[in-house]
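The structure appears right after this line, and notes come after that.
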Amino acid sequence: MLSIAEIRNCFLGQKVLYSHHARIEMSTEEFGKIFDSEVEEAVNFGEIIEDYPFDQPYHSVLIFGQTESGRPLHIVSAYDPEKDYAIIVTVYEPDVSRWIDYKIRRKR
């Protein structure tokens, strides 16, 4: 199982790659641009809320965390164990109408 510690260690070692999709989502977020520093804060204070072990090409997880200013973020991160890199697949501010406490998906 992929752990939050592995992803945090990648941030500490500056071994983080952002996908093109993540960069677009971060720059066009409807609640305001998301900065790299906010992603790092959310990962450092966050927890894994969903696990996607069969994602390809790497195992990935959904992390919920808050920035130091209290901004809630969801981060989908994969991990390349061979290169010891975290890949940020996407980042967004979760919609409260779709999440309970930002951690549980509301049933539709």
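Leaving out ligands and nucleic acids, and using a 1.4 Å probe, what accessible area per residue does the chain come to in Å²?
Result: 60 Å² of accessible area for each residue.
For the chain, which whole percent of the accessible surface, found with a 1.4 angstrom probe, sits on carbon and sulfur atoms?
Roughly 51 percent of what the probe reaches on the chain is carbon or sulfur.
Which entry in (1) 14.9; (2) 15.9; (3) 13.8 matches Kirkwood radius over Cα pairs in Å derived from the coordinates of this structure?
(3)
By average Cβ neighbour count within 10 Å, what is the ranking of 32-40, 20-28, 72-80 from highest down?
72-80, 32-40, 20-28
The values are calculated or read from the model by the stated rules, or taken from the named source; none is laboratory data. Here the structure is a predicted model, which means the values were calculated and not measured. All Cβ positions, glycine included, derive from the backbone under ideal geometry; neighbour counts span all protein chains shown. The area values use the complete protein model at the heavy-atom level, side chains included, leaving out ligands, DNA and RNA. Shrake-Rupley method; radii C 1.70, N 1.55, O 1.52, S 1.80 Å.
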